[in-house]
1. At residue 89 and residue 77, where each label point lies 7 Å from the Cα along Cα→Cβ, what is the point-to-point distance in nanometres?
2. If each DSSP helix of 4+ residues adds -39,500 (n - 2.57) and the sum is divided by the residues in the chain, what number results at 222 nm, nearest 500 deg cm²/dmol?
3. Could you grab the relative contact order for region 203-396? Cα pairs under 8 Å, six or more apart, rounded to a whole percent.
4. Take residue 108, project a point 7 Å from its Cα along the Cβ direction, then tell me which residues of region 46-79 have their backbone nitrogen under 11 Å from it.
5. If I model a spin label at residue 255 and residue 70 as a point 7 Å from the Cα along the Cα→Cβ vector, what separation in nanometres do I get?
6. Carbon and sulfur together cover what percent of the accessible area of the chain at a 1.4 Å probe radius?
7. How many percent of the alpha carbon pairs in region 203-396 exceed a separation of 24 Å?
8. Choose one answer from 245, 273, 56: the residue with the largest mean-square fluctuation in a GNM of the chain with alpha-carbon springs under 10 Å.
Amino acid sequence: MGEQGENWILMVTAQTPTNIAVIKYWGKRDESLILPINSSISVTLDPSHLCTTTTVSVSPSFKQDCMWLNGKEISLSGGRFQRCLREIRSRACDVEDEKKGFKIAKKDWEKLHVHIASYNNFPTAAGLASSAAGFACLVFSLAKLMNLKEDHGQLSAIARQGSGSACRSLFGGFVKWDMGKESDGSDSIAIPLVDEKHWDELVIVIAVVSAHQKETSSTSGMRDTVETSPLIQHRAKEVVPKRIVQMEEAISNRDFSTFAHLSCSDSNQFHAVCLDTSPPIFYMNDTSHRIISLVEKWNRSEGTPQVAYTFDAGPNAAMIARNRKVATLLLQKLLYCFPPQADADLDSYVIGDKSLLKEAGVGTMNDVDALAPPPELTTSVPAQRTKGDVSYFICTRPGKGPVLLTDENQALLDSKTGLPK
Ligand SMILES: Nc1ncnc2c1ncn2[C@@H]1O[C@H](COP(=O)(O)OP(=O)(O)OP(=O)(O)O)[C@@H](O)[C@H]1O
Ligand SMILES: C[C@@](O)(CCOP(=O)(O)OP(=O)(O)O)CC(=O)O
């Protein structure tokens with residue numbers, strides 16, 4: 001490596017999606033390896049709306065491992081970062097760049113330092129699974145930089161050690177995280193079920209619900225649940241294994257009714273075991289409950305499910321509509337019940353795939369004011385309309401897995417200094 005001097009920098013940039021579980025992971029059987037007590041299934045979200053971009057670089061001139069997240073330097077000393085870095089370094093292979101004229105031998109990687117810059121195109125730690133996209137992207141980009149020979153499944157077992165849900169972001173479409181049996185975690189990996197084209201009618205609308213109080217982190221919340229909830233063992237042993245089989249079948253057959261029934265039930269059971277934890281954990285708030293009620297009443301009035309809902313460790317709702325037509329109706333109902341603040345602008349209230357807003361016939365705030373109340377809500381008490389309970393909506397769809405970005409303009413580090421641009 002030495003003969004070419006210390007001036008070269010090798011860089012890789014990747015983009016990785018986030019994911020939302022439809023059968024939830026909640027509870028570990030091994031805290032440090034991050035091994036779950038049950039398998040889970042998720043849908044990967046379109047990275048054009050929600051994703052992490054990470055640039056990793058290596059140079060003999062770097063003095064230590066450094067990382068910048070959304071432009072701010074952060075510490076890499078945490079156990080989860082250290083574990084991912086160690087696992088990847090131990091599998092690194094020779095890298096030769098003839099154009100730049102250098103070679104890194106396998107054994108050199110232990111001595112070389114990396115610079116990492118990452119950017120989430122959505123709010124970090126807002127309950128939108130930034131840790132899932134973030135750790136998946138970190139592992140995927142470092143694996144490319146260090147020329148690992150492992151496939152995406154094997155890489156998912158490394159990403160899992162950064163954050164459990166991250167392992168599912170190594171693939172697009174619908175993904176299963178198989179809990180595995182081995183004590184070393186080698187078979188606790190993500191498995192792609194179907195790619196994002198298999199069920200491309202689905203449309204996903206996320207309501208980012210304003211949360212004032214700080215929520216319990218997933219890591220500590222699930223630890224408390226495993227330690228104190230009598231219901232969690234029944235869920236992990238009796239309920240989830242059957243649901244995994246049924247969910248795989250529903251996805252394979254594009255059977256929306258079964259899919260919606262399972263997704264909603266599993267989300268509700270996850271929140272029930274949170275409530276069964278001592279002290280109880282409340283992730284959903286009144287707005288979340290109103291969204292559930294809206295979807296439940298609509299589904300019932302139609303006779304078959306139109307929309308599935310699911311909530312992670314926070315009040316945000318992810319709603320999956322069976323097709324585009326249903327999604328436009330959903331958006332109209334949501335905008336009726338949760339209109340933006342008077343001074344908000346519609347363009348930043350509904351983000352992502354904005355064409356849905358157009359198809360819903362909503363172009364201005366006047367159009368929002370003119371929306372008709374959802375008929376299924378008007379039978380008993382008049383539908384409530386409150387401004388400000390939802391911060392914004394994101395319209396998206398199932399999406400693809402990690403990709404490399406080869407255009408240097410998309411890199412987050414300067415190719416000459418190795419520092420953030
Ligand atoms: N792009 C990234 N690259 C590496 N790590 C990241 C990245 N984004 C987030 N993280 C890590 O994930 C942590 C945030 O995870 P946390 O679980 O608190 O929030 P979240 O994933 O956004 O929400 P939730 O898990 O409730 O859905 C950050 O403190 C950081 O350690
Ligand atoms: C409710 C969930 O989103 C929990 C995600 O938990 P994390 O993956 O964030 O937890 P750690 O493994 O401790 O990092 C359900 C899910 O994504 O399956």
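The values are calculated or read from the model by the stated rules, or taken from the named source; none is laboratory data. Bear in mind that the values here come from a model prediction, so they are computed numbers and not experimental data. Backbone-built Cβ (ideal geometry, glycine too); neighbour counts: all protein chains shown. Accessible surface areas use protein heavy atoms only, side chains included; no ligands, DNA or RNA. Shrake-Rupley method; radii C 1.70, N 1.55, O 1.52, S 1.80 Å.
1. Distance between the two pseudo-spin positions: 1.6 nm.
2. Details: 12 runs with 130 residues, N = 421.
Taken over the chain, the calculation gives -9500 deg cm²/dmol.
3. Values: 267 pairs, mean separation 62.0, N = 194.
It rounds to 32 percent for region 203-396.
4. Output list for this probe position: 59-61.
5. Modelled inter-label distance: 4.1 nm.
6. Heavy-atom surface of the chain belonging to carbon and sulfur, 1.4 Å probe: 51 percent.
7. Working: 8211 of 18721 pairs.
For region 203-396, the share of Cα pairs beyond 24 Å comes to 44 percent.
8. It is 245.
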